[in-house]
Structures are given as C-alpha cells and as structure tokens.
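K.L.:
Below you will find the structure I want to go over with you.
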Amino acid sequence: MADILSDMTRARLDEYVDELFVEEDDALKAIQDEANRQQLPAISVRAFEGRLLQMLVHMVGAKKVIEIGALAGYSGVWLARALPADGKLYTLEYSSKHAAVSRASFEQAGVHDRIELIEGRAVDSLAKLVDKGPFDLVFIDADKGSYPVYLQWAIENLRPGGLVAAHNAFRSGKVIDQQSDEDRAMDAFNRAMAAESQLESFILAIGDGMAVGVKKASI
Ligand SMILES: C[S@@+](CC[C@H](N)C(=O)[O-])C[C@H]1O[C@@H](n2cnc3c(N)ncnc32)[C@H](O)[C@@H]1O
C-alpha cells in the first residue's frame, strides 16, 4: 500500500499542480485584491479549484451554467472563460455589495457579455430561471443549509449528462468532526449526493473538496 502523503508533501504537490496547470493572470489577481480592499470575506475558491471548474465546463461541453454564490466574481471569471462564445453563465448573489464588486470584476476581466448576475435570494432566482433550462452545469457555493434545495433544483433542471458541483464538501475536514450546523449540513448534503439515484456522484479530494454528480440519462 502506498505511503500516506504528509501534509507537507500534499502542499508541495498542490504547488506542483499549480505551477504546471494553473495560470492566475492579472485580472484574477486584481479581483482578489479588490475583494480584500472591500473587506469581503476570503472564502472564494482557490486558483487550482477555479482551474478545476474550467475543466468541468470543458468535460461536459457546458454552454449554459449556473453559479450560486458570486462573492467578488472570482470563480465566475474562471467559469465564464471556459465557455464558448455563445455560452452563458447565470450567477446568483444575495448581497448587493458583493453583486456590485462582481459586476465590476466581470467588466474588468472582459467576460461581462456572457454573464448575467441575478441579485436576490438564490431560491427565488432559481425559480425564475427554470424557463431558461435545461442547464449543463450548476456550481453551488453559497449558504450550506440550502445546499439540499439547490441540489434538488439542479437534478430537476440539468440535462442528462449535465453536472452539479458543490464547493467545500470537506469543510476543512469538519465533515468528519462536525462542530457547527454548517458542518452538519455539508455532511447531510454529501450523503444526499451519494444516495441520489439520479446522479453518478463523487467527491474530488482537491482543495476543500468538490462534490460532483453527473445526471444519469432517464431510463
Ligand atoms: C463562498 S461565497 C462565493 C464564492 C465564489 N463562488 C468564488 O469562489 O469566488 C458565497 C456567496 O454566496 C452568497 N450567498 C449566501 N447565501 C445566499 C443566498 N441564499 N442566495 C444567494 N447568494 C447567497 C454570499 O453573499 C457570498 O457572496
């Protein structure tokens, strides 16, 4: 059996992957700088998770994508850049401050033409988006307690072969050492993903864990 990787080796391997496959350009760095200046919480995906999101877009040939939780627009720019010219990202954000920062980020990165930011509670925005479906990819990265509701919506509104991805599946390890309602909600969500018969699911053990599920073709 292979040796278990030490934390230090793991960190060095993350750097190795970063160096080979991840390019965080000036526009992406500027988004994080602006998020810090605006004192937004530092809870965006990391650069290699952004790159992973791009890979998922390419792997399912996604054209119509939904993101739940925009923050400063960091992951939104990674996602939008992976879309074809006629692709569209709908990103949903509750906070008007975060929405304003995201809009500026999308302009600055030159991807605003393929992104529609919808302000408000995600459940309300999702209800209004049903007519625009089916969707190719739904990325969940917002309030953990609502993840099961977002998952159900995704299953109903993805095309067969479409993909749902959820960030923070590991909650920095707290899904196996739960201390808060959010930890318990994330554990319940992961279990729901695993048990869901309409999905082929897994957790990619990258960064803070990315739960992924591909919608099966209906029989
Ligand atoms: C983890 S951050 C998103 C990070 C972003 N995806 C990134 O990686 O750059 C979560 C965002 O979801 C928003 N949010 C939380 N609850 C929400 C809700 N019910 N509806 C819409 N947005 C919500 C928060 O305001 C916050 O901006």
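K.L.:
Across segment 41-68, what is the total count of residues that are without any contact (Cβ under 8 Å) to a residue 40 or more places away in the chain and either part of a helix (DSSP H, G or I) or under 10 Å from the mean Cα position of the chain (by Cα) (or both)?
P.N.:
7
K.L.:
Ok, one more. If a residue counts only when it is away from the ligand (no atom under 11 Å from the Cβ), without any contact (Cβ under 8 Å) to a residue 60 or more places away in the chain and surrounded by fewer than 21 Cβ atoms within 10 Å (Cβ to Cβ), which helices (runs of 4 or more DSSP H) contained entirely in segment 85-189 have at least 3 such residues?
P.N.:
Per the criteria, 96-109, 147-157.
K.L.:
Consider only pairs whose beta carbons are under 6 Å apart and that are at least six residues apart or on different chains; among these, list those whose first residue lies in segment 197-211 and is under 14 Å from D14 (Cβ atoms) and whose second residue is part of a loop (DSSP other than H, G, I, E, B) and of a type in the set (G, A, S).
P.N.:
These pairs meet every condition: G209/A169.
K.L.:
Could you identify the single residue in R114, R81 that is modelled with pLDDT of 95 or more and touching a strand residue (DSSP E or B) at 6+ places or on another chain (Cβ under 7 Å)?
P.N.:
Testing whether each residue is modelled with pLDDT of 95 or more and touching a strand residue (DSSP E or B) at 6+ places or on another chain (Cβ under 7 Å) leaves just R114.
The values are calculated or read from the model by the stated rules, or taken from the named source; none is laboratory data. Keep in mind the model is a prediction, meaning the values are calculated, not measured. Positions of Cβ are generated from backbone atoms using ideal geometry, with glycine treated the same way; all protein chains shown enter the neighbour counts.
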